[in-house]
Each structure stands twice: as C-alpha cells, then as structure tokens.
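**Q** Okay, handing you the structure first.
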Amino acid sequence: MPHHISVTVDGTSYEADVEPRQLLVHWLRDDLGRVGTVVGCDTSNCGACTVLMDGRSIKSCSVLAVQADGSEITTIQGLATGDEWHPVQAAFKECHGLQCGYCTPGMVLATVDLLAENPNPTEEEIRDGLHGNLCRCTGYNNIVKSVQHAAGLMGGTK
Amino acid sequence: MIPAAFDYVRPSTVDEAVAALVAGGEDAKVLGGGQSLMPVLRLRMGAPSVLVDCSRIDELKGISDAGGAIVIGAGVTHDDVEKSALVREHVALLAKVTATVADRQIRHRGTLGGALAHADPAGDQPGTALALGATFTIAGPAGRRTVPASEFFVDYFTTAVGPDEVLVSVSFPKHAGWGAHYERFNRTAQAWAIVGAAATVRMDGGTIAEARVALTNMGPSPVRATTVEAALVGVSTLAGIAAAAAHAADGTRPTGDIHADPEYREHLARVLTRRAVAAAAGI
C-alpha cells in the first residue's frame, strides 16, 4: 500500500505517494527526474548516490523514500546558487578531481558534509572522511587536492 | 536491485512497535537505521512481510547518565554515539570502536542498537559491548526484561531479542579513567573485520590493575578472552602483555573462509590482542 510523504528536495517541496520498497535514490531519479544522483554499486559501498539528508551525508540507495518523509534532501543539483557553483564544485573543476565523473556527485556531497564538520581536515582526515566514496579512475590524489582547495575557498587555512 | 514488496508501519512508541511486530507475525522485521537491513532487502536475501520502522520513537533516541552507567537508546546513530561527551568520557572504548564503523554516511544513519541486534560476527560493536559488560533492555508482549551481554549474543546473526521484541536500550557500566583501544585486521578500509580485538585497561601507576578483552569474528558470537584478562593483572611490560596475549585464541572456534583459515585467525587474535592491550595501557 502506498504511503504519503512530504519531502523537500533542493529547496522544492514535494508531496508523493510512494511504495514502501522504493529506495530514495529511485524516487529522486525516476519520479522527480533528478538524475544527477547516480546508482553505482547496489551494495552500499561506493557512495555515488550520496545526498544530504537534513544536512548530513547519507547513501540514498540505503534509505527508503518513505523514511525521508519530513526531511530536507540536497542533491548535487541543489548545491549551486543560480549560475554560481558551490565552492566544492568549483574546487573539483579547478583541481580536476575527476576523470569519468561518475563518482563526482557523491564525492562532492560527501566533501560538503566533511568540511561542515571539519573545515581544515588533514590529508589523512580527508582520506578517512571520504572512504565511503569509491573512485575507480583517479587514484584519489586529485580528489584530495580538490578537498584541500575547497577548504581554502571556504575559509579554511589549508 | 529493488527489494521485494513489503508493508510498512511507523510506530511512535515502543508499545506500538511491539504490537505491530505481534500483528505482523514471524515475517515482520524491525527497521532501525536500515544500514544492514537495506542491503539484505536489495539483494533479496530476506523478504519480510512488514517493516516496523522504529526510527521515530523518541524513547529510543537518548543518551543518559544513570549514575554508574551510561544508557544509550537503541535508535541512537553511530555518529551520535561517537560524538557523545558522556560516551567519550565514561565508555571510551565504545566511542573509539564506533568511530571506525563503516563510513560517515553509514554512521549518520546506522544505529548502535541495530548493529548489536543484527549481531554480525564480524561486527565491531558486539565484542565491545561484551568487553564492557553491557546490559540490554528488551521490550516484548510480556513487558520488559534485562539481559547481560554474556547472554545476549546467541549465535550467527542471532540474539536474545525475539521476533516480537524490540531492543530498547543498552547500558554500559562506566569505565572512566580506563585506557581503551580497538584493533581490527581487514583487507580494505570498508571491509568487515577478519579478526578484531577490543581492550580496555585500568592502570595503577605503570601496572595493569584490571583488563577486559573481547574478540570479534573468532566464533559465531563475540568472545571474552578471560585467560588473557587474568594474565594481564600486574603486568607492566610489553613482554608481559605479549605473554598474556599468547592465550588470546584459547577456547575460541574461529571459522575458515576465503580471507583466513582458522589457524591464521588464531594468530591474528594473539597479535591484535597484544597491540590493543599495549595501546590501551600506554605501554
């Protein structure tokens, strides 16, 4: 039996009736068309589907849409302000923190979450903080540089 | 993959949750943070008829100081456990272990109570709860009961929590002033422990006055290394710790799998116990 949910996604309020088994990532992609959030692994390992739920990073493949009822979701498509990218997005472009780009939405949102808690992470803290996000292209070095650059853009000292 | 269809209820009290589990019968399942259950559903390794979502029951949410113990609601997330000042001060071992669970995203959703009730033999927190002498409060149709950690973990993925019961809270006796450390051996950052060792130690000067050690993945359930604990009393050197840790695998029955055969797990138990105790003792 469908359940009614009210969820704010990237600043827009949505009301929907969802099947309990529908995963949050599928609701975002299939019903709302917000396909910036991608499915990578289906095993909770890769973090490509990371979004912010009430400001904290979560894996949207491991949360039911019905569990998001009443929450505020931020996807990669809600980070920019108008034409101005979020500093983390700008830093990933500047430092080329990607190759194929598939992991990038999740990497960016995981970074936003990490820097909110720790504005000046060490390299070790960055690598540990992003270990829920897998990148099969870059070897992570440019991703770490991007996070360090983003910390600087956002007022950190490193 | 997409889970098989199920019904969903979201109780707001423990009594409502128990009633929903009774009504749902044997195929009803508690949903906490869902970080263990959701992969099971997606892979269709399980297909419950109804999920009882306990994530919005206020009683399951708090961390409180009960005098001699810190009581943690079963629905408190790993992230909140790890960052709790009460837990860090009085139950440092739990805070340290919890900080190593999975990754940030999963710690934001997953709950301590869920991980303990799931009872994965490779999970890091069951052994920790055993080492710390935790007690578990469980609610069911007949009311509430309290179960010690030594009786809580029954078998692979099996605890004292019955199919129509809900884990309400876990009480950890205070270990303020004890040194604590957890050592885990695994292949990659996110992998489950091949073996883990949890150690918490009370020092008297430079000498170990009391120690509690528990092992992860050395059997179907976590085990206390009681021979090691006894041998550690009075020890003040690394050689003494190593001699005590040599007994870490005594009485265990680890399985063999693709990652390690039983003999290798026994070796790991001795090595990790030595390292965990030395770090906890600052020796």
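**Q** If residue B:88 meets every condition in (1) basic (Lys, Arg); (2) surrounded by fewer than 24 Cβ atoms within 10 Å (Cβ to Cβ); (3) under 20 Å from residue B:196 (Cα atoms) apart from one, which number is that one?
**A** It is condition (3) that residue B:88 fails.
**Q** Here's a follow-up. Please find, among B:40, B:52, the residue that is buried (at least 18 other Cβ atoms within 10 Å of the Cβ) and either among the basic types (Lys, Arg) or within 14 Å of chain A (Cβ to nearest Cβ) (or both).
**A** Result of the check over B:40, B:52: B:52.
**Q** Can you tell me which of B:263, B:229 is in contact with a strand residue (DSSP E or B) (Cβ under 7 Å, 6 or more places away or on another chain) and either of a type in the set (D, E, K, R) or at pLDDT 95 or above (or both)?
**A** B:229
**Q** Also, quick follow-up: For the range A:88-102, which residues satisfy the criterion of being assigned to a loop (DSSP other than H, G, I, E, B) and either closer than 12 Å to residue A:153 by Cα or without any contact (Cβ under 8 Å) to a residue 60 or more places away in the chain (or both)?
**A** The answer is A:95, A:96, A:97, A:98, A:99, A:100, A:101.
**Q** Residue B:81 fails exactly one of the following numbered conditions: (1) buried (at least 21 other Cβ atoms within 10 Å of the Cβ); (2) away from chain A (no Cβ under 14 Å); (3) in contact with a strand residue (DSSP E or B) (Cβ under 6 Å, 6 or more places away or on another chain). What is the number of that condition?
**A** (3)
**Q** Within the range A:63-87, count every residue that is in a loop (DSSP other than H, G, I, E, B), surrounded by fewer than 20 Cβ atoms within 10 Å (Cβ to Cβ) and in contact with a strand residue (DSSP E or B) (Cβ under 8 Å, 6 or more places away or on another chain).
**A** Here the count works out to 3.
**Q** Using beta carbons and a limit of 7 Å, which pairs, at least six apart or on different chains, have the first residue in the range B:88-104 and touching a residue at least 60 places away in the same chain (Cβ under 8 Å) and the second one of a type in the set (D, E, K, R) and surrounded by 21 or more Cβ atoms within 10 Å (Cβ to Cβ)?
**A** Matching pairs, first to second residue: B:97/B:124; B:100/B:124; B:100/B:184.
Quick grid of which residues meet (1) at pLDDT below 95; (2) surrounded by fewer than 18 Cβ atoms within 10 Å (Cβ to Cβ); (3) over 30 Å from residue B:11 (Cα atoms):
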{"position": "B:144", "(1), (2), (3)": "no, yes, no"}
{"position": "B:167", "(1), (2), (3)": "no, no, no"}
{"position": "B:176", "(1), (2), (3)": "yes, yes, yes"}
{"position": "B:195", "(1), (2), (3)": "no, no, yes"}
{"position": "B:202", "(1), (2), (3)": "no, yes, yes"}
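**Q** Please tell me if residue B:104 is within 14 Å of another protein chain (Cβ to nearest Cβ), touching a strand residue (DSSP E or B) at 6+ places or on another chain (Cβ under 7 Å) and modelled with pLDDT of 95 or more.
**A** Taking the combined requirement at face value, the residue satisfies it.
**Q** Hey, any hits in the range B:20-35 for a residue that's outside the structural domain of residue B:276 (by TED's automatic domain parsing), at pLDDT below 95 and aliphatic (A, V, I, L, M)?
**A** Scanning the range B:20-35 turns up no residue that is outside the structural domain of residue B:276 (by TED's automatic domain parsing), at pLDDT below 95 and aliphatic (A, V, I, L, M).
**Q** Can you tell which of B:188, B:159 is under 30 Å from residue B:56 (Cα atoms) and of a type in the set (Val, Ile, Thr)?
**A** Of the residues listed, the single one that is under 30 Å from residue B:56 (Cα atoms) and of a type in the set (Val, Ile, Thr) is B:159.
**Q** Test each condition in (1) buried (at least 19 other Cβ atoms within 10 Å of the Cβ); (2) under 26 Å from residue B:176 (Cα atoms) for residue B:217 and report the one that comes out false.
**A** It fails just one condition, (2).
**Q** State whether the residues of the range A:31-48 include one that is part of a strand (DSSP E or B), closer than 19 Å to residue B:34 by Cβ and within 12 Å of another protein chain (Cβ to nearest Cβ).
**A** no
Yes/no matrix, rows are residues, columns are (1) in contact with a His (Cβ under 8 Å, 6 or more places away or on another chain); (2) within 21 Å of residue B:269 (Cα to Cα):
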{"residue": "B:88", "(1), (2)": "no, no"}
{"residue": "B:92", "(1), (2)": "yes, no"}
{"residue": "B:97", "(1), (2)": "no, yes"}
{"residue": "B:120", "(1), (2)": "no, yes"}
{"residue": "B:125", "(1), (2)": "no, yes"}
{"residue": "B:134", "(1), (2)": "no, no"}
{"residue": "B:140", "(1), (2)": "no, no"}
{"residue": "B:153", "(1), (2)": "no, yes"}
{"residue": "B:158", "(1), (2)": "no, no"}
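**Q** Then there's this: State whether the residues of the range A:123-131 include one that is closer than 25 Å to residue A:24 by Cβ, touching a helix residue (DSSP H, G or I) at 6+ places or on another chain (Cβ under 7 Å) and either in the same structural domain as residue A:37 (by TED's automatic domain parsing) or not in a loop (DSSP other than H, G, I, E, B) (or both).
**A** Yes; the residues of the range A:123-131 include at least one that is closer than 25 Å to residue A:24 by Cβ, touching a helix residue (DSSP H, G or I) at 6+ places or on another chain (Cβ under 7 Å) and either in the same structural domain as residue A:37 (by TED's automatic domain parsing) or not in a loop (DSSP other than H, G, I, E, B) (or both).
**Q** Give the residue, chosen from A:105, A:119, that is touching a residue at least 24 places away in the same chain (Cβ under 8 Å) and either facing another protein chain (nearest Cβ under 9 Å) or within 15 Å of the chain's Cα centre (by Cα) (or both).
**A** Answer to the check: A:105.
**Q** Can I ask one more? How about the range B:151-269: which strands (runs of 3 or more DSSP E) wholly inside it have at least 1 residues that are closer than 27 Å to residue B:63 by Cβ and among the acidic types (Asp, Glu)?
**A** B:179-185, B:207-216
Yes/no matrix, rows are residues, columns are (1) of a type in the set (A, V, I, L, M, F, W, C); (2) more than 23 Å from residue A:134 (Cα to Cα); (3) buried (at least 19 other Cβ atoms within 10 Å of the Cβ):
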{"position": "A:14", "(1), (2), (3)": "no, yes, no"}
{"position": "A:18", "(1), (2), (3)": "yes, yes, yes"}
{"position": "A:25", "(1), (2), (3)": "yes, no, yes"}
{"position": "A:31", "(1), (2), (3)": "no, yes, no"}
{"position": "A:35", "(1), (2), (3)": "yes, no, no"}
{"position": "A:40", "(1), (2), (3)": "no, no, yes"}
{"position": "A:49", "(1), (2), (3)": "yes, no, yes"}
{"position": "A:59", "(1), (2), (3)": "no, no, yes"}
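The values are calculated or read from the model by the stated rules, or taken from the named source; none is laboratory data. Computed from a predicted structure; not experimentally measured. For neighbour counting, all protein chains shown are included, and Cβ atoms are generated from backbone atoms with ideal geometry for every residue, glycine included.
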